[in-house]
Amino acid sequence: MSNTPLTPGVQPGRLPAERYPAQFSDLHPVLDHHEALVAADRCYFCHDAPCMTACPTSIDVPLFIRQILTGTPEAAAKTIFEQNILGGMCARVCPTETLCEEVCVREVAEGKPVEIGRLQRYATDSLMAQGVHPFTRAEPTGKKVAVVGAGPAGLSAAHRLAMYGHEVTIYDARPKSGGLNEYGIASYKAPDGYAQKEVDWLMQIGGISVVNGKKLGEGLTLEGLKADYDAVFLAIGLAGVNALRAEGEDKDGVLDAVDFISELRQAEDLSKLPIGRNVVVIGGGMTAVDAAVQAKLLGAQNVSMVYRRSRARMSASEYEQDLATSKGVQIFYNAAPVAVYGNGSVAEVEFEYTSEEGGGLKGTGETFRLPADQVFKAIGQTLDGAPEGIEITGGKIAVDAMGRTSIVGVWAGGDCASGGEDLTVTAVAEGRDAARDIHAKLMEG
Ligand SMILES: Cc1cc2nc3c(=O)[nH]c(=O)nc-3n(C[C@H](O)[C@H](O)[C@H](O)COP(=O)(O)OP(=O)(O)OC[C@H]3O[C@@H](n4cnc5c(N)ncnc54)[C@H](O)[C@@H]3O)c2cc1C
Ligand code: SF4
């Protein structure tokens, strides 16, 4: 049963039931063997490869592509997993067009990069399909580490710590592990329960136990964890949502985009998920695109995405914006919400055009209204539930280059920690690097 309040224009089953699976099928189906060889053959195997430098987890791209070309995709997968244990998910969700593929020399020279993301998926899927886990644990060290948060940062840290031989316990507030891989990523990027399959595969390393439904701040305290464990890694993501600051935003039908996506990701039957006829998404990032595209795929008639700055300032990449428009989403730039109208439930949203002056935003006084049965707020997530006394900077937990927080024995990484972009791959890199530092610290002397 959906949690979305039903208003007159918000109804389930806008499409014939048989259309939903096709609507939400894999955005980029996996390459077959022949296609993978053709794609791999385009690589120049560059010395000082720019693609490798652009990858936040520094995957040795030319090496893994060469391994595919020589007919050993399993070896290629191991090359990927050594740097990025969630290399399978990253192959599906990384904005490669602004990372490795943007700097690929073939993109620079010909405007067509080597398909690094799809090759990574080909390799990681090949190994995971065999159910093989390519790493083993070191001898037990007798040290215990608590990880709070089972998203990409927490899972990556836990896996690396387990490999070093430490005993890891992950605590997560949600009933399922995976963080936004399970509750946030657009369903057409990781269909068929991939997030849970990946978690199960990762756990094969051993030495990791997970306690779901346990929230830091509710019966679980940092003091308690510090007393019971040799080190603590915080990977709690950004669970809060910014306010719209528009009059009337408390009306029924005005929802957080992340909650809508989470409900969609957990829905067993998409034909039962209510969606508006007219949907307005406010924001300019990946979350906004994902909410808008999925609203359209559910059968909403008109979906508008409204961003307060120009196209060039949008954090969603050009590729993502084009994906949205190709699905029929209309994007408005330089417009900010002023008021939400409706009698109890939202009926219209009023926007004011903006102009950008010296980095600041100014309303032009010119307004327009969009009809809306549902409004999804996608204007950024905020830190929620950071332990008391921990240093915060720019709204995130302050960490140094090693991921150390202001509290001795406590590390943090991923979206909740300062520095780095809020991406799955960055969270994986930060979890891995903090684990290395925790290990070095625990083994001192
Ligand atoms: C809608 C959406 C779509 C996105 N799409 C993409 C994409 O396509 N590509 C991409 O690269 N990035 C994408 N991102 C960003 C990416 O998902 C995040 O950067 C990444 O998940 C961060 O990982 P994390 O481990 O830091 O946090 P999360 O994935 O948020 O995991 C945090 C975990 O901590 C748990 N938790 C929170 N508070 C507590 C507490 N107090 N006690 C215990 N547990 C707690 C949560 O339940 C959660 O499991 C998207 C984000 C959103 C919101
Ligand atoms: S930059 Fe492109 S061509 Fe060069 S190694 Fe990387 S993928 Fe291959």
Value of [θ]222 nm, deg cm²/dmol, for the chain, DSSP H segments ≥ 4, -39500 (n - 2.57) each, nearest 500: -9500 deg cm²/dmol
Cα point-scatterer Debye curve for segment 242-377, base-10 log of I(q)/I(0) at q = 0.12, 0.18 Å⁻¹: -0.43, -0.98
Between segment 224-249 and segment 325-341, the alpha-carbon center distance in angstrom: 29 Å
Pairwise label distance in nanometres, THR364 with GLU18, each label 7 Å out on the Cα-Cβ vector: 4.8 nm
Tensor-based shape of segment 138-274 (alpha-carbon gyration tensor, a/c under 1.5 rounded, otherwise prolate or oblate): oblate
Distance in nm between pseudo-label sites at THR53 and HIS34 (7 Å out along the Cβ direction from Cα): 3.8 nm
Neighbour-count order for MET402, MET305, fewest beta carbons within 10 angstrom listed first: MET402, MET305
Cut-off 11 Å between beta-carbons: net charge of the residues surrounding LEU383, Lys and Arg +1, Asp and Glu -1: -1
Crossing angle, helix 286-297 versus the chain [Cα axis fit, 0-90 degrees, rounded to tens]: 60 degrees
DSSP-defined beta bridges in the chain - what % are antiparallel, rounded to 5: 40 percent
Degrees separating the helix 73-83 axis from the principal Cα axis of the chain, which is the longest one: 80 degrees
Long pairs among LYS143/LYS176; LYS226/LYS441; LYS251/LYS377; LYS197/LYS226; LYS189/LYS377, criterion Cα-Cα beyond 23 Å: LYS143/LYS176; LYS197/LYS226
Binned Cα-Cα distance frequencies in segment 164-208 - 5 Å width, integer %: 5, 19, 26, 23, 15, 8, 3, 0
Karplus (6.51, -1.76, 1.60) ³J(HN,Hα), θ = phi - 60°, over segment 173-178, in Hz, Gly and Pro reported as x: 5, 8, x, 10, 7, x
Positive minus negative residues near THR72 (Lys, Arg vs Asp, Glu; Cβ under 11 Å): +1
Rg followed by Dmax, in Å, when segment 33-128 is reduced to its Cα trace: 11.7, 34
Bins of 10 Å from zero: percent of alpha-carbon pairs in segment 117-181: 20, 36, 37, 7, 0
Sum of side-chain charges, ILE85 neighbourhood, beta-carbon under 12 Å (Lys, Arg +1; Asp, Glu -1): +1
q = 0.13, 0.18 Å⁻¹, segment 313-415: log10 I(q)/I(0) [Debye, one scatterer per Cα]: -0.77, -1.00
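Tell me which chymotrypsin sites (Phe, Trp or Tyr not before Pro) from segment 18-77 have a DSSP coil assignment and no more than 16 other beta carbons within 10 Å of their own.
TYR44, PHE45
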Nearest-20 debye value, the chain charge dipole, Cβ charges on Lys, Arg, Asp, Glu: 320 debye
Burial ordering of LYS377, LYS176, LYS144, fewest other beta-carbon atoms within 10 Å first: LYS144, LYS176, LYS377
For ASP172, ASP60, order by how many other beta-carbon atoms lie within 10 Å, fewest first: ASP60, ASP172
Measure of compaction for the chain (Cα Rg per 2.2 N^0.38 Å): 1.01
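Every number here is computed from the coordinates shown, using simple stated rules; none is lab data. Note that the structure is a prediction, hence the values are computed from the model and not measured. Cβ coordinates were reconstructed from backbone atoms using ideal geometry, including for glycine residues, and neighbour counts include every protein chain displayed.
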